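Take a look at the structure set out below.
The values are calculated or read from the model by the stated rules, or taken from the named source; none is laboratory data. This one's a predicted model, so the numbers in the text were calculated from it and none came from an experiment. Note: ideal-geometry Cβ built from the backbone for every residue, glycine included; neighbour counts use all protein chains shown. Side chains included, ligands, DNA and RNA excluded: accessible areas come from the protein's heavy atoms. Shrake-Rupley method; radii C 1.70, N 1.55, O 1.52, S 1.80 Å.
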Amino acid sequence: MTPDKKASEYYKEYTYSGLVTNKFIDSEQHNYRTVIIRNDEKSDIFLLDFETSGLFEFIQVGDSIFKKKNSLNLRLKRYQLDTIIKMQIYDKN
């Protein structure tokens with residue numbers, strides 16, 4: 001992230017689609033709230049440090065997550081749940 005870019009703009013740049021295979025607080029990397037999302041081709045790292053609604057705590061291993069570019073809406077699917085969550089991003093600029 002660059003100092004001249006708001007955190008919400010950073011989050012909008014990315015697309016995610018896949019299965020949550022792990023989530024953890026990365027004590028070796030500034031305690032980043034980290035979610036690993038696996039799709040057919042690769043694994044993506046989804047950092048939720050500037051997200052303030054509690055999304056990191058809500059996400060579970062085994063959830064499917066879908067997020068389109070230029071959006072802060074995230075679709076989360078798990079057993080008997082299919083919901084859209086609007087990420088709440090703390091923009092300190």
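Using a 1.4 Å probe on the protein heavy atoms only, what accessible surface does Asp4 show? Give it in Å² to the nearest 10.
130
Select from Lys77, Lys42, Lys23 the residue whose mean-square fluctuation is largest in a Gaussian network model of the chain (Cα-Cα springs shorter than 10 Å).
Among Lys77, Lys42, Lys23, the largest GNM mean-square fluctuation belongs to Lys42.
For the chain, what number of Lys pairs, 8 or more residues apart or on separate chains, have alpha-carbon atoms under 13 Å from each other?
9
Ignoring the sites themselves, what is the longest stretch of the chain with no GluC sites (Glu not before Pro) in a DSSP loop and at most 11 other beta-carbon atoms within 10 Å?
Answer - 42-93.
With a 1.4 Å probe and all protein chains left in place, how much of the accessible area of region 1-44 comes from carbon and sulfur atoms, in whole percent?
For region 1-44, the apolar C and S fraction of the accessible surface comes to 44 percent.
Where Lys and Arg each count +1 and Asp and Glu each count -1, what net charge lies around Lys68 among other residues with Cβ under 13 Å from its Cβ?
With Lys, Arg at +1 and Asp, Glu at -1, the neighbours total +4.
Counting only heavy atoms of protein chains, what accessible area per residue, in Å², does region 19-93 have with a probe of 1.4 Å?
That works out to 66 Å² per residue.
Taking the Cα atoms of region 4-58 alone, what are Rg (to one decimal) and Dmax (as a whole number) in Å?
When restricted to Cα atoms, region 4-58 yields Rg and Dmax of 11.7, 34 Å.
So, R0 is 22 Å and r is the distance between the beta-carbons of Leu19 and Gln80; what FRET efficiency does that work out to, to 0.05?
Details: r = 17 Å, r/R0 = 0.77.
After rounding, the FRET efficiency stands at 0.85.
Out of region 21-93, which chymotrypsin sites (Phe, Trp or Tyr not before Pro) are coil in DSSP terms and have no more than 12 other C-beta atoms within 10 Å?
Here the sparse-neighbourhood loop sites are Tyr79, Tyr90.
P(r) tail for the chain, what percent of Cα pairs lie past 21 Å?
For the chain, the share of Cα pairs beyond 21 Å comes to 27 percent.
Summing Lys, Arg as +1 and Asp, Glu as -1, what charge do residues with Cβ under 11 Å from the Cβ of Ile89 carry, Ile89 excluded? Could you put the intermediate results ahead of the total?
Values: positive: Lys6, Lys12, Lys86, Lys92; negative: Glu9, Asp49, Glu51, Asp91.
With Lys, Arg at +1 and Asp, Glu at -1, the neighbours total 0.
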